[in-house]
Structures are given as structure tokens and as C-alpha cells.
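K.L.:
Take this structure, written in C-alpha cells, and hold onto it; I'll ask about it next.
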Amino acid sequence: MASPTGPRVTCPEAAVSRTLLLGWVLVQVAGASGTTGVVVAYNITWKSTNFKTILEWEPKPINHVYTVQISHRLGNWKSKCYSITDTECDVTDEIVKDVKQTYSARVLSTPANATGYTGEPKYTNSPEFIPYLETNLGRPAIQSFEQIGTKLNVTVQDPRTLVRRNGTFLSLRDVFGEDLSYTLSYWKASSTGKKMVKTDTNEFLIDVDKGQNYCFNVQAVIASRKANQKSPESPIECTSPEKGVFKDMFFIIGAVVFVAIIFIITLALCLYKRRKARARESGKENSPLRVA
């Protein structure tokens, strides 16, 4: 039986499928040629202490680089850390301009060594960050302390921040004002029981037992915050009444010696003047009388 002859009819569905497949392949090739290895950033976090603020993220780049942009609400994006292979960027100089602003950042990913790259970079947005409410408080230091009798006086030194005013770096107290307080924990050196007192200034004056050694440390506190309210504790300091007695005795002995030296000098001057006066009188008595 002879097979039928005539023109071959092509299935339109198959042609359309082949065309779509070819188009998809061309798009993938074109895209891969400019963005091979580009990975978007993730796990973006703000790390901030006393307003020194670092933006961190992952992953380590392989075939791409990062650029960071930062802005506050209603502000324009400012680029920082251009085309870096690090996974962190110091944005302190931007956030210290106004620590009560709300800041956002984004990390852009672009191909490495892509000269003239004009594609839209991929990016990831950070969480919002308010420095005044979220920066960690740095560890304070005990500037001085003195125990006299039943009184212990402790002075706290404010940590310095990177916020500037008129070219001067401000202290924690300068920035937070009345929002900042300090808590002093103290205990007898021979005991583990602690007591705590609070001050809105930088000085503590507390009652203690005479003749007892005391140890103590301090913390900075921002009670109005919902989180990050407390700083790490300062290094522990301890008093020594024996040293205090020695110090008092040293000043007493020094004062006695000073008075004695003044007395000796005064006495020597008096004796010298008296001796000189006697010598003058003796010279007058022994001089011959003149006859007119």
C-alpha cells in the first residue's frame, strides 16, 4: 500500500515550546555573563558600643564585592565602604551626627572585576537602628575612692563616646544627661553579702563600718530603655583602713615637721638679729670719745 504523499503539517504547540525554551536559555546565559557568583548579604546586624557602630553581615564574598549605603528617615542614601570584600563597615561617622535619629542601611552586591557593570545591584536591607536607645553602654571606671572612718566616698569616671560637640568628644553623661544613673555594689571584704546604692550623679557617699575593708564596683544604667539598660561592671576596687591610717599619720607627721622647720627658721632669724644688735652696741661702747 502506498504511503500518502503531500506537505508535512508542523504541530504549532511544539514550535511554541521550543521557542520559549530557547528564549529562557538565552536569558539565563545573558544574566550569568554579568552576575556570576553574586550572592546577596544576609544576617545584617548593628554592633554598637558608646556609639562606635559597625554594620556586619554574611557571607564572605567569592566572586562579588559589597557596598554599604546608610540613611536616616527622610534622608538620602549615602554610600560607605565601596566595593569591599570585608563583611563589616564602620558607619560611626554617620550615626553620631544625630544619635536620636532612626537609621537604615542596605548592603549591595555587585560582581567582582565587573568594569562598566550597569546592571541593577542586588541588595539586602538591615533592621532599623536608633543609636540613643540601642548602643551598648561601655564599662565605666572608678576614678577615685577614699574611706575615712565610717564614710566611703567613691567617684565614677564617665566613659568617653565618639559623639562630638565643638570638636570635643562627649562623655556618656554629656550625651544621656539625666537619663544616666550609676549603681554601686559594695560588700565587706570578709563577706559575700552585697548591698547596692544608686546615684544620678557621679559620686557615692555611703556609711560603712569603721575598721572594715570594703570592695565595690559600679554599673552605668539607662532605666528608660526597654533593652540594653546596663553596662558591664567596672573592675573591682577595695579599700584598706590600715592604708588610710598610714595616710593620715603621714599628713600629721608632715604637718608637724613643717611647723617645726618654720619655728627653727624663725628662731634662727631672731637669734641672728639679736646677736647683730649686741655686736652693734658693743662696737659703740668700745669706740674712743672724740674731743672737739
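The values are calculated or read from the model by the stated rules, or taken from the named source; none is laboratory data. In this text, all values refer to a predicted model and were calculated from it rather than measured experimentally. Quick reminder, even Gly has a Cβ in these numbers, built from the backbone with ideal geometry, and neighbours come from all protein chains shown. Just the protein is used for accessible areas: all its heavy atoms, side chains included, with ligands, DNA and RNA removed. Shrake-Rupley method; radii C 1.70, N 1.55, O 1.52, S 1.80 Å.
K.L.:
Please sort 94-105, 224-235 by packing, taking for each peptide the average over its residues of neighbouring beta carbons within 10 angstrom, highest first.
P.N.:
Ranking, from highest mean packing down: 94-105, 224-235.
K.L.:
Moving to a separate point now. Using +1 at the Cβ of each Lys and Arg and -1 at the Cβ of each Asp and Glu in region 153-204, identify which of 166, 186, 204 lies farthest towards the dipole's positive end.
P.N.:
186
K.L.:
Per residue, how much accessible surface does region 42-133 expose to a 1.4 Å probe? Answer in Å², no decimals.
P.N.:
Computed with neighbouring chains in place, this is 55 Å² per residue.
K.L.:
Determine the distance separating the Cα centre of region 37-86 from the Cα centre of region 171-247; give it in Å without decimals.
P.N.:
Answer, in whole Å: 38.
K.L.:
Apply the Kirkwood formula to region 42-133: the hydrodynamic radius equals the inverse of the mean of 1/r over all pairs of different alpha-carbon atoms; give it in Å with one decimal.
P.N.:
About 13.6 Å, per the Kirkwood formula over Cα pairs.
K.L.:
Quantify how much of the Cα-Cα distance distribution of region 141-241 extends past 19 Å, in percent.
P.N.:
45 percent
K.L.:
Could you give each residue of region 145-161 its phi-based ³J(HN,Hα) in whole Hz, using Karplus coefficients 6.51, -1.76, 1.60 with θ = phi - 60°, and x for Gly or Pro?
P.N.:
For region 145-161, the Karplus curve yields 7, 7, 10, 10, x, 9, 10, 10, 10, 10, 10, 9, 9, 5, x, 8, 10 Hz.
K.L.:
Leaving out ligands, DNA and RNA, what percent of the accessible area of region 173-238 is carbon and sulfur, probe 1.4 Å?
P.N.:
45 percent
K.L.:
Sorted by accessible area with a 1.4 angstrom probe, largest first, how do 108, 205 fall?
P.N.:
Listed by decreasing accessible area, they come as 205, 108.
K.L.:
In debye, nearest 20, what is the charge dipole magnitude of region 141-241 about its Cα centre with +1 on Lys and Arg Cβ and -1 on Asp and Glu Cβ, if you could check?
P.N.:
Magnitude of the dipole: close to 280 debye.
K.L.:
Of all the accessible heavy-atom surface of region 42-133, with the other protein chains kept in place and a 1.4 Å probe, what percent is carbon and sulfur?
P.N.:
That fraction is 48 percent.
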